[in-house]
């Protein structure tokens, strides 16, 4: 996972770390710290957790994993275009 991309997507969604964690299904007592660990790159979420994060943030899973910024933006564009159909 690209940690900065997770932070960027969460902030764009105007969501706190705690709120994102809780919506993903992380216990409220550790939600903020776990999302913080993911965003800082100290820990990586499991793929299933990353998929849940993507679902809550309404982004494609690949956006969190691709190293190329242009490709990440392209994935967002395709994802949104597909949802509009």
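Values in this text are rule-based calculations from the coordinates and carry no lab data. The model shown is predicted, which means the values in this text are computed figures rather than measured ones. Quick reminder, even Gly has a Cβ in these numbers, built from the backbone with ideal geometry, and neighbours come from all protein chains shown.
Computing mean projected area of the Cα convex hull in nm² for the structure here picks out one of (i) 6.4; (ii) 5.2; (iii) 6.0, namely (ii).
By count of other Cβ within 10 Å, fewest leading, how are 33, 46 ordered?
Fewest-to-most Cβ neighbours within 10 Å comes out as 46, 33.
In the chain, helices alone account for a calculated mean residue ellipticity at 222 nm of -20500 deg cm²/dmol, with every DSSP H run of four or more residues adding -39,500 (n - 2.57).
Can you tell me how much longer the chain between residue 58 and residue 33 gets when fully stretched, taken as 0.36 nm per residue apart minus their C-alpha distance, in nm with one decimal?
6.8 nm
Compute the helix-to-body angle for 69-84: its Cα long axis versus the longest principal axis of the chain, expressed 0 to 90° and rounded to tens. So the inclination is approximately 80 degrees.
When 79, 63 are arranged by Cβ crowding within 10 Å, least crowded first, meaning fewest neighbours, the order is 79, 63. Between the helical axis of 3-12 and the longest alpha-carbon principal axis of the chain there is an angle of about 80 degrees. Stretched out straight at 0.36 nm per residue, the stretch from residue 47 to residue 69 would grow longer than its current Cα-Cα span by 5.9 nm. Computed from Cα positions, the angle between helix 31-40 and the longest principal axis of the chain comes to roughly 50 degrees.
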